[in-house]
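Chemist: First the structure, which I've put down as structure tokens, then a few questions once you've had a look.
Only the coordinates and a few stated rules stand behind these numbers; no lab work does. Just so you know, these numbers come straight off a predicted model, no measurement behind them. Reconstructed Cβ throughout: ideal geometry from the backbone, glycine too, with neighbour counts over all protein chains shown.
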Amino acid sequence: MSTTAEQRAAQLQQERSLVEARGIKAGPQYEQWWWSVAAETRNLIDILRGAVANLGTNRASAAAEHAHEFFEKSTRNNTPDGPIACAKGCSLCCNLYVSATAPEVFFVANFIRREYSGSIDQILERVRQSDRDTRYMDDRQRLVSRFPCPLLGADGACSVYAARPSACRGWVSGSLDACKRGYSGEDIPIPRPEMWRNIRSAHVFAMEAALAATNHPPHHYAFAHALRIALENLDAEMRWLNGEDVFATVEPDSYEKQTPLAERKARVNMLIAAATGQDLPK
Ligand code: SF4
Ligand code: SF4
């Protein structure tokens, strides 16, 4: 059914209010889900473009923070359709491959500068070592080599938990036993509540579309390499906002390699059109 520009604008406005209040409603109502993702896409575009006051050169970090709040609101306001076995101190998954978009990397770097200003040199050295150990490794090589994330604390907890990237937020398991067996090399599916996958997809799709709409690379970068660049260069976020591809040397992740470009482009174009009031692509 075709819709007029006024109807689409009203739908977007309504979804923006709902998304601000409770995140996304995960479930089978596909059209509503889609418009909720478009609403969050528009929120992120506005932040990245500077339409939200007082963010200055931290607009990229602010976009990641908004996206993460969207994720957290969504998980609070939906009921998981299965058990979740994850708990503080359980950290097998923090030895696996992690990727993050540029705003997420800047958000973590700024969090470290703010929360760990006295030990930034030690953290940076751990990040550099992790980058040296794992650069260009794929998912399988990371699983086998067992290098922990450089931000994993000695107590088994994430030291940047409030700022952790989408890949970590969205990675949950319904079975610790399945995680242990997978970590031991068994080729076993990890059970995950569908609701969680649904919210994680919304989180990723909105950020990818907002990055493309603001002419930034919509990549998911190898985390340690990208974080090293962000921590070593105080002005990296400002340069990135000004259009410099500061992560050009960082390898994008396997999700990007495995998802056909045409499929990603079609999704991104549809979300940008819905988020900015253009005619929806056929
Ligand atoms: S995904 Fe698995 S390994 Fe990671 S915290 Fe959850 S149960 Fe533990
Ligand atoms: S950022 Fe935190 S949650 Fe993510 S892999 Fe590293 S320690 Fe684990």
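Chemist: Percent relative contact order of the range 5-276, based on C-alpha pairs within less than 8 angstrom and at least six residues apart?
Modeler: Values: 381 pairs, mean separation 75.7, N = 272.
Relative contact order here is 28 percent.
Chemist: Viscosity 0.890 mPa s, temperature 25 °C: Stokes-Einstein D of the range 225-270 from its Kirkwood Cα radius, in µm² per second?
Modeler: Taking Rh from Cα pairs, D becomes 197 µm²/s.
Chemist: Using modelled backbone amide H atoms (1.01 Å from N, in-plane), which distant-in-sequence or interchain residues come within less than 5 Å of residue 158's amide H?
Modeler: Hits under the 5 Å cutoff: 89, 153.
Chemist: Looking at the chain, which longest stretch skips every one of the GluC sites (Glu not before Pro) that is in a DSSP loop with at most 16 other Cβ atoms within 10 Å, leaving the sites themselves out?
Modeler: On the way: sites that count: 186, 244.
Longest run free of exposed loop sites: 1-185.
Chemist: Let me ask something additional. Can you tally the lysine pairs in the chain where the Cα-Cα distance is under 29 Å and the two residues are eight or more apart, or on different chains?
Modeler: Pairs that pass both the separation and distance tests number 11.
Chemist: A further question follows. Give me the base-10 log of I(q)/I(0) for the chain at each q in 0.13, 0.16 Å⁻¹, Debye formula, one uniform scatterer per Cα, rounded to two decimals.
Modeler: Ignoring solvent entirely, the Cα scatterers give -0.91, -1.36.
Chemist: Residue separation times 0.36 nm, minus the C-alpha to C-alpha distance between residue 21 and residue 183: what's the value?
Modeler: 54.5 nm
Chemist: Working from the alpha-carbon coordinates of the range 49-93, get Rg over Rh, Rh being the Kirkwood radius.
Modeler: Working: Rg = 15.7 Å, Rh = 13.4 Å.
Radius of gyration relative to Kirkwood radius: 1.17.
Chemist: Taking 2.2 N^0.38 Å as the expected size of a compact globular protein, what ratio does the Cα radius of gyration of the range 45-175 give against it, to two decimals? Could the numbers behind the result be given before it?
Modeler: Numbers: Rg = 16.0 Å, N = 131, 2.2 N^0.38 = 14.0 Å.
Taking the Cα Rg and dividing by 2.2 N^0.38 Å, one obtains 1.14.
Chemist: For the modelled label position 7 Å from the Cα of residue 14 along Cα-to-Cβ, which residues of the range 259-282 have backbone nitrogen atoms closer than 17 Å?
Modeler: 274-275, 277
Chemist: Apply the Karplus parameterisation 6.51 cos²θ - 1.76 cosθ + 1.60, with θ equal to phi minus 60°, to every residue of the range 185-192 and state each ³J(HN,Hα) to the nearest whole Hz, in sequence, with x for glycine and proline.
Modeler: Taking θ as phi minus 60°, the curve returns x, 6, 7, 10, x, 8, x, 9 Hz for the range 185-192.
Chemist: If you average 1/r across every pair of different Cα atoms in the range 175-282 and take the reciprocal, what Kirkwood value do you get, in Å?
Modeler: Working: mean 1/r = 0.0604 Å⁻¹.
Radius from the Kirkwood sum: 16.6 Å.
Chemist: Please give, to one decimal in nm, the separation of the simple spin-label points placed at residue 162 and residue 84, each 7 Å out from Cα toward the Cβ.
Modeler: Calculated label separation equals 1.9 nm.
Chemist: Need the C-alpha centroid separation for the range 100-164 versus the range 35-85, integer Å.
Modeler: So the separation of the two Cα centres works out to 22 Å.
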